[in-house]
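See structure below.
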């Protein structure tokens, strides 16, 4: 590729100096012929075999994709069959609540923005409202 670039550069300089199109086009055509002669021509039989191989691979991939699609469709249907999650209850001051990952039950003393101050008897904590569940 670098040699092609050098040849093209030499041709452009030559054209810049003498402004003749015919020699430029002749040399360019020769370069194209030389490069095309370097390309190996594939026999039609070999080309046909390669095409058949590609078609087989495409068919195999389509089969695998179809299996995956059916599995995903089944998963979606199963997800639709599951009962919807419990609706969130609005929490108020004085409600008995429990943290989702905990077992201790406490009462809400006050609510500020999205935080609740929960009293667990001997200690109080500041908890996000999303992490609480009504008991």
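The values are calculated or read from the model by the stated rules, or taken from the named source; none is laboratory data. This one's a predicted model, so the numbers in the text were calculated from it and none came from an experiment. In this analysis, Cβ positions are derived from the backbone assuming ideal geometry, glycine residues included, and neighbour counts consider all displayed protein chains.
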Single unsatisfied condition, residue 55 versus (1) loosely packed, with under 10 Cβ neighbours inside 10 Å; (2) under 41 Å from the mean Cα position of the chain (by Cα); (3) in a helix (DSSP H, G or I): (1)
Breaking point among (1) farther than 18 Å from residue 128 by Cβ; (2) outside any helix (DSSP H, G or I); (3) modelled with pLDDT of 85 or more, for residue 46: (2)
Residue that is farthest from residue 11 (Cα to Cα), among those in the range 23-43 that are part of a helix (DSSP H, G or I) and in contact with a helix residue (DSSP H, G or I) (Cβ under 9 Å, 6 or more places away or on another chain): 35
